[in-house]
Amino acid sequence: NIYRKSDGGKWTFRNSIDGVSLSRRVEVDNSGQIWCQHIHGGLRKITLDDSLTRIEGIVEFNELGGVKDRLFPLFKVNGAICSYNGEEFFIYEQMQEKFVPSELMNSSLSGLKGVHDVIPADGRNYWFVGDDQALLVKVEGNAIRQLRDIDYSLFGEYFEENSSMVYDSEERVSYLCLANQVI
């Protein structure tokens, strides 16, 4: 669905787009391409017509770094479309029209495993949410600096592999969601 923001700041429904469904996450890149993380696996890059009413093209990415048909998380870091194949991070290289390994993320976040979500926090800060821990990092140019590490083993029986993180931009507060509790 396409929504429009009024001058008063209220979002209103504009139109639906046929052919786009079952998406877990949606991102828009710097050139206006719509990216979808499909609920059954893979990523889609969607080109719409100028009126934003119909699809002109879809490019599917069902493999990243030799790993096929998985739920690849879709996220943006400093405006760049990124993903993770369970082993390494990838960044979409627009000039080459393909995903390439991200040297910066792979070297700086090599100890983080099972990343299933990346949540933007304040400014250039991001929560990388993995199976065993969540890392708050700051991404500046060619450097990633770890700001906070939350190891889920601290929570004993409340530990949950598919934990999630929510960032409230108005209050500038992060919430870690575990089984039956929010921290």
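The values are calculated or read from the model by the stated rules, or taken from the named source; none is laboratory data. As the structure is a computational prediction, the values presented were derived from the model and not from experiment. Here the Cβ is made from the backbone with ideal geometry for all residues, glycine too, and neighbour counts use every protein chain on show. Side chains are part of the model used for accessible areas, which takes the heavy atoms of the whole protein and leaves out ligands, DNA and RNA. Shrake-Rupley method; radii C 1.70, N 1.55, O 1.52, S 1.80 Å.
Listing for the model above:
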read-out	value
Residue among 105, 165, 95 with the largest mean-square fluctuation in a Gaussian network model of the chain, springs linking Cα atoms under 10 Å	95
Where 89, 13, 99 fall by accessible area, highest first, once all protein chains stay in place (1.4 Å)	13, 99, 89
Residue 36 - accessible surface, heavy atoms, 1.4 Å probe, Å² rounded to 10	0
Pairwise Lys count, the chain - Cα closer than 26 Å, eight or more residues apart or different chains	16
Cα lying deepest toward the dipole's positive end in the chain, options 33, 99, 80, charges on Cβ	33
Dipole magnitude of the chain, debye to nearest 20 (Cβ charges: Lys/Arg +1, Asp/Glu -1, about Cα centre)	460
Computed label-point distance, nm, for sites residue 6 and residue 106 using a 7 Å Cα→Cβ extension	4.9
Residue 77 - accessible surface, heavy atoms, 1.4 Å probe, Å² rounded to 10	10
Amide proton proximity set for residue 164, modelled H, under 5 Å, gap of 5+	177
Accessible area expressed per residue, the range 5-64, with surrounding protein chains retained (probe 1.4 Å, Å²)	64
Surface accessible to a 1.4 Å probe, residue 40 within the full protein complex, Å²	140
Contour minus Cα-Cα distance for residue 23 and residue 153 (0.36 nm per residue)	43.7 nm
Rounded, prolate or oblate (a/c below 1.5 giving rounded, otherwise prolate when a/b exceeds b/c) for the range 109-179 by Cα gyration tensor	oblate
Where trypsin sites (Lys or Arg not before Pro) fall in DSSP loop in the range 1-97, at most 10 other Cβ within 10 Å	10
Listed residue (114, 169, 16) projecting farthest to the positive dipole end of the chain, Cβ model	16
GNM top mover of 135, 104, 52 - the chain, alpha-carbon springs below 10 Å	52
